[in-house]
Amino acid sequence: MVTKSQHRLAVILHADVVGSTALVRKDEQVAHDRIQAAFQGFSNAVRTYGGAVNEIRGDALVAEFSRASDAVLAALAAQEDNAKRNAELNDEIIPEIRVGIALGEVVIADATVTGAGVVLAQRLEQLANAGGICISGAIREAVPDRLPIHYDSLGDREVKGFDESVRVFAVELRPGEALPPPARAGESVETRIRRRTRQWFAAAMITVFLIAAGLAAWFHPWKTATQLDAADTAGVEQKTRAQKSYPPLPTKPSIAVLAFDNLSDDPKQDYLADGLAEDIITDLSKISGLFVIARNSSFSYKGKNVPIKTIARELGVKYVLEGSVRRSDDALRINAQLIEAATGQQLWAERHDGGFADIFGLQDNLTLKVITAVEVELTSSERSTRQATSRNPDAKAYDLVLRATNLLHRLDYADAKKARELLEQAIQRDPNYARPHALLGLYHGDLWHLWGEERDKNLRRALDLAEKAARLDELDPSPHAIAALAHQFLREFAKAKIEANKALTLQPTDAITLATLGRALLWAHRPTEAVQLLERAIRLDPFHPSTYLDWLSFSYGLGGRYDDCVRAGERGAALEPDFVSLHVNLAICYASLGRAEEAQRAGREVLRTNPRFRVSAFARYVPFSQQADIDWGVAGLRNAGLPE
């Protein structure tokens with residue numbers, strides 16, 4: 001069968017490793033691992049700046065962009081990252097990359113990109129120095145002068161395979177200038193898709209132990225009113241204030257724990273201040289008599305001068321806990337104060353001094369102080385649970401885990417590898433410490449979701465680690481929620497049901513575990529339970545990610561609540577117009593309501609955000625346990641006019 005080819009004009013980036021053969025001769029395995037790490041980092045930069053990686057073969061990478069400026073910025077970012085990685089190596093196996101960028105016609109056939117544009121980019125790459133970037137004159141003319149880029153003209157060059165000479169420029173970042181961030185408006189379809197597909201894992205794996213309260217902010221594909229870029233802030237804040245729509249106070253005592261300030265001389269100790277606050281959130285979330293705001297929302301005020309009353313009103317809580325940490329070698333000083341927001345009254349303020357090995361006792365003391373001050377009485381089960389889980393991990397292992405957590409925040413391939421090493425060291429020091437097992441599960445999930453490595457293998461590994469974490473802490477529901485979702489994606493529906501029921505029995509109380517479990521129940525055709533969990537998650541996390549509304553909308557639809565599906569979907573789309581999954585939900589639910597014109601409109605939005613969307617691909621991807629649910633979605637998408 002002959003596949004019809006397509007021709008188009010595109011910006012092509014071609015990169016290869018200088019002297020790869022010589023590197024392999026020195027040590028084949030080490031060279032292979034380092035070249036792969038370099039290209040994984042490069043691929044991450046390409047996607048970050050809106051490009052699509054079309055091919056990685058041996059020692060070469062080919063990527064495509066719609067804008068010349070995005071290609072150049074991605075190359076600069078990748079070279080900067082690779083240079084940092086190489087600087088840490090202490091031998092001669094150093095993978096240096098050179099890059100060529102050209103504008104030209106490409107041919108797409110059998111999912112392979114070839115053509116004059118690819119060849120020209122490769123020829124330009126061969127003119128670049130190790131660690132350098134060469135671009136064509138056409139690319140130079142297309143890049144805005146406002147960008148902080150220095151161009152060094154290499155003149156007109158004869159290029160093999162081309163009749164006419166090509167003007168060539170070497171490019172680098174201007175000295176002292178910072179690399180501009182990626183422009184979301186120029187984000188590619190591939191980037192949007194990967195940004196969305198990785199969110200389920202962010203909401204799943206980050207729930208174990210420290211993660212349960214804290215690391216949703218790692219995956220910030222969403223924005224909150226306090227996290228927006230400066231250009232966006234004024235308009236959104238004005239809209240938010242004008243709406244005057246604040247959550248009502250819960251009937252039970254409610255609290256937000258803000259990010260603690262790092263008062264150490266070393267700014268790198270931020271990981272410790274964040275970790276302490278996150279652990280307190282985790283401990284408080286286990287108390288049934290307390291309503292505790294999720295870390296994603298409470299930490300959104302970090303570094304911002306926002307009055308306590310405003311924070312409490314926006315989050316819908318009565319109390320706010322804030323504090324600071326100072327570390328000098330192994331000496332710790334922790335200050336904390338609990339404030340009743342409506343009156344501004346300080347209920348208590350204390351200073352705790354001790355060694356780093358005392359940190360667990362200090363955390364426990366702070367937690368008990370809060371419980372006592374807000375007059376919450378522990379149930380007999382909660383008292384026994386606190387006694388049963390009183391074992392503290394090795395202090396050094398705990399510090400290794402906090403450092404790994406800080407690295408995983410960065411969503412960088414090389415940093416993730418370093419985090420893995422730290423977590424493995426933590427497990428060696430304390431094999432019964434559950435948290436590093438959970439974080440290693442997150443790492444393996446990232447290998448699939450962020451960097452496209454071996455889906456089934458890494459899902460299986462993530463599942464194994466979640467199960468290990470569950471064995472080490474039988475009272476934590478989050479590993480079971482993770483396992484349920486992993487089984488669902490592996491289409492092991494009976495196992496998914498067992499794990500979901502275990503998580504429900506253990507009564508999850510933190511927002512991320514609730515949302516993760518809600519999504520697993522959505523796919524398992526338990527929409528009523530999914531809605532209940534997702535609505536609770538949204539209240540606990542007022543600055544929740546858009547994925548929560550995506551899953552809630554779909555759950556409403558599966559339960560036949562089409563009007564609610566539309567309301568949740570429209571709310572999510574207003575917050576994030578380029579979230580394709582929300583438009584998919586709207587297309588299906590509008591079609592289910594018989595509102596053909598609006599369904600067609602939603603279908604056009606699906607294709608705007610993802611021109612490659614196909615109904616057949618949707619049917620293959622969604623891990624529903626019942627065929628009827630797939631058929632319902634497919635019928636709605638067809639009625640919305642989406643292509644097969």
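Using the Cβ atoms and a cut-off under 14 Å, what net charge is assigned to the surroundings of residue 344, where Lys and Arg are +1 and Asp and Glu are -1?
+1
Once you compute Rg and the Kirkwood Rh from C-alpha atoms, what is the Rg to Rh ratio for the range 6-186?
With Rg and the Kirkwood Rh in hand, the quotient comes to 0.95.
To make sure I understand, if each residue's beta carbon is the centre and we count other beta carbons within 10 Å, what order do 586, 179 fall in, fewest to most?
Going from least to most buried by this count: 179, 586.
If you place +1 on the Cβ of every Lys and Arg, -1 on the Cβ of every Asp and Glu, and leave all else neutral, what size is the dipole of the range 6-186 about its Cα centre, to the nearest 20 Debye?
With Lys and Arg at +1 and Asp and Glu at -1, about 340 debye.
With the Cα gyration tensor of the range 246-389 giving a ≥ b ≥ c as the square roots of its eigenvalues, does the rule (a/c under 1.5 for rounded; else a/b larger than b/c for prolate; else oblate) give rounded, prolate or oblate?
Judged from the Cα gyration tensor, the range 246-389 comes out oblate (a/c at least 1.5, b/c at or above a/b).
Can you find, among 65, 100, 168, the residue sitting farthest towards the positive end of the charge dipole of the range 6-186, where Lys and Arg contribute +1 and Asp and Glu -1 at Cβ?
65
About its Cα centre, what dipole magnitude does the range 246-389 give when the only charges are +1 on Lys and Arg Cβ and -1 on Asp and Glu Cβ, stated in debye to the nearest 20?
The dipole magnitude comes to about 500 debye.
May I ask for the net charge around residue 40, where only other residues with Cβ less than 12 Å from the Cβ of residue 40 are counted and Lys, Arg are +1 while Asp, Glu are -1?
-2
If you rank 564, 550 by fewest surrounding Cβ atoms within 10 Å, what's the result?
Ordered from fewest to most neighbouring Cβ atoms within 10 Å, 564, 550 come out as 564, 550.
Can you put 167, 614 in order of Cβ neighbours within 10 angstrom, beginning with the fewest?
Exposure proxy ranking, most exposed first: 614, 167.
In whole Å, how far is the Cα centre of the range 303-322 from that of the range 457-510?
About 34 Å separates the Cα centre of the range 303-322 from the one of the range 457-510.
Cβ neighbours within 10 Å, averaged per peptide: list 340-347, 34-41 in order, most packed at the top.
Descending mean neighbour count gives 34-41, 340-347.
Output wanted: per-residue J couplings in Hz (rounded whole) for the range 131-147, from phi through Karplus 6.51 cos²θ - 1.76 cosθ + 1.60, θ = phi - 60°, x for Gly and Pro.
Using θ = phi - 60°, the values come out as x, x, 9, 10, 10, 7, x, 5, 5, 4, 5, 8, 8, x, 5, 5, 6 Hz.
May I ask you to order 355-367, 502-514 by the average number of other C-beta atoms within 10 Å around their residues, highest value first?
502-514, 355-367
Can you pick out the pairs among 286/369; 84/418; 26/418; 252/304; 302/417; 418/457 whose Cα atoms lie more than 18 Å from each other?
Going by Cα-Cα distance, 26/418; 252/304; 302/417; 418/457 fall outside the 18 Å limit.
Whole-Hz Karplus ³J(HN,Hα) for the range 43-56, in order, using 6.51 cos²θ - 1.76 cosθ + 1.60 and θ = phi - 60°, x for Gly and Pro?
4, 4, 5, 4, 5, 4, 9, x, x, 10, 7, 8, 6, 10
At what distance in nm do the modelled label points of residue 453 and residue 165 sit from each other, each positioned 7 Å from its Cα along Cα→Cβ?
4.6 nm
Apply the Karplus curve 6.51 cos²θ - 1.76 cosθ + 1.60, θ = phi - 60°, to the phi angles in the range 632-641 and return the couplings in whole Hz, x for Gly and Pro.
4, x, 4, 4, x, 5, 5, 5, 7, x
Can you grab the distance from the C-alpha centre of the range 76-147 to the C-alpha centre of the range 570-621, Å, no decimals?
Going from one Cα centre to the other spans 36 Å.
Once a ≥ b ≥ c are taken as the square roots of the eigenvalues of the Cα gyration tensor of the range 568-644, is the result rounded (a/c under 1.5), prolate (a/b larger than b/c) or oblate (a/b not larger than b/c)?
Rounded.
Only the coordinates and a few stated rules stand behind these numbers; no lab work does. Everything quoted here is computed from the prediction, not taken from an experiment. Methodologically, a virtual Cβ is constructed for each residue, glycine included, from the backbone with ideal geometry; neighbour enumeration extends over all protein chains shown.
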